[in-house]
Amino acid sequence: MSKELEGIMSKESKAEKMQIDTTLGQLPQKERGSLQPIECKTIEEQRRHQLERLASGFRVFAHFGFDEGLAGHITLRDPEHPHYFWVNPFGVHFAQMCVSDLILVNREGEVVQGERPLNTAAFAIHSRLHEARPDVNAAAHSHSMYGKSFSTMGRLLEPITQDSCAFYDNHVLFDDFTGVVLETDEGDRIAEALGDKRAAILKNHGLLTTGETVDAAVWGFLSMDRCCQSQLIAESVGQMERISDDVAELTRNQVGSEPGMWASYQTLYDLMLEKDDSFLN
């Protein structure tokens, strides 16, 4: 393996492995079209339910073409060990992701469950974000076409559509691109720039979205990428009509809330179940 490739993947972990049985706590899937959250009564049920959502999130990313080689990651804070997070392993395609593929990482960046290596950038960015934001249980990042294209402009999204209002005064620009994120100090700078906002545009890099749930983080990413596409198209054909600040704020509260983001994801989860439910394996 090349030294360059070794530099972006974790070394073999010497940490003591955990023996969490992620097959425990599996509940029946919700009825298609239901917007009623599944009630989890135990840690095992909560973890299993969230891991199913995490695995589905990668399938959704693949469905919309957000895969880009080895780039991209979605993380989930473990409900029992809040300083640990679950993430996709290095080298598994989003379209093939299953619950059993996911790895658990401790706060030192060591893989404590799973045999595959970790993408170093996933730890450098997401570990610092999860530490800085106890309210964030999930975060999503990838090099989506419209997100990374828009990021080169070094600007925030404008409230020009109902959908883009979801991010009005709720996202930031991180404009300090220094190459592949391999060190946690850059992760600290990203977390500091994000503050208490929902999302960030990483200049010359891509998008980063967060949520209390995987559902909200993944839907937020999809929506933000489409808003980038919409603004790129609008700016290419003429002058945009910007929505006023007061209406943009009102609309954000209507369509950009955590419950709203969660609800919007449910139809995509149903689609992934119908299309190929092997992500549950």
Options F64, S244, H130, ranked by Cα towards positive dipole end of the chain, top entry (Cβ charges): F64
Could you give the length gained by full extension between E212 and R116, i.e. 0.36 nm per residue of separation minus their alpha carbon distance, to one decimal place? 31.9 nm
I'd like to compare 27-38, 166-177: which one has the highest average count of other Cβ atoms within 10 Å, and what's the full order after that? 166-177, 27-38
The chain: antiparallel DSSP beta bridges as a percent of all, rounded to 5: 85 percent
Hey, what angle do you get for helix 245-255 against the long axis of the chain, alpha-carbon based, 0 to 90 degrees rounded to 10? 30 degrees
In degrees between 0 and 90, to the nearest 10, how far off the longest principal axis of the chain does helix 120-132 point, with axes built from Cα atoms? 80 degrees
Packing-wise, with mean Cβ within 10 Å as the measure, how do 203-209, 268-274 rank, highest first? 203-209, 268-274
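Of all DSSP beta bridges located in the range 141-249, what percent are antiparallel, nearest 5? Could you put the intermediate results ahead of the total?
Numbers: 6 of 10 bridges.
So the antiparallel bridges in the range 141-249 amount to around 60 percent.
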Equivalent-ellipsoid semi-axes (√(5λ), Cα gyration tensor) for the chain, whole Å, largest first? 29, 23, 17
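Cβ under 13 Å from E186's Cβ, E186 left aside: what net charge do those residues give with Lys, Arg +1 and Asp, Glu -1?
Numbers: positive: R128, R189, K203; negative: D175, D176, E183, D185, D188, E192.
Value of the local net charge: -3.
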If one takes the longest principal axis of the Cα atoms in the chain, at what angle in degrees, from 0 to 90 and to the nearest 10, does the Cα axis of helix 214-237 lie? 30 degrees
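For S278 and E39 in one chain, what is 0.36 nm times their gap in residues minus the Cα-Cα distance, to one decimal in nm?
Details: separation 239, 0.36 × 239 = 86.04 nm, distance 2.27 nm.
Separation in residues times 0.36 nm, less the Cα-Cα distance, equals 83.8 nm.
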If the chain between Q26 and Q239 were fully extended at 0.36 nm per residue, the gain over the current Cα-Cα distance would be 71.5 nm
Cross-link reach from K30 to aspartates and glutamates, straight Cα distance under 17 Å and at least 8 residues apart if same chain, gives E39, E45, E52, D215, D270, E274, D276, D277
Nearest 20 debye, what's the magnitude of the dipole of the range 40-280 about its Cα centre given +1 on Lys and Arg Cβ and -1 on Asp and Glu Cβ? 240 debye
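Laboratory data are not the source of any read-out in this text; all were calculated from the coordinates shown. Small disclaimer: the values here were computed from a predicted structure and weren't measured. Using ideal geometry, Cβ is built from the backbone for each residue, glycine included, and neighbour counts are taken over all protein chains shown.
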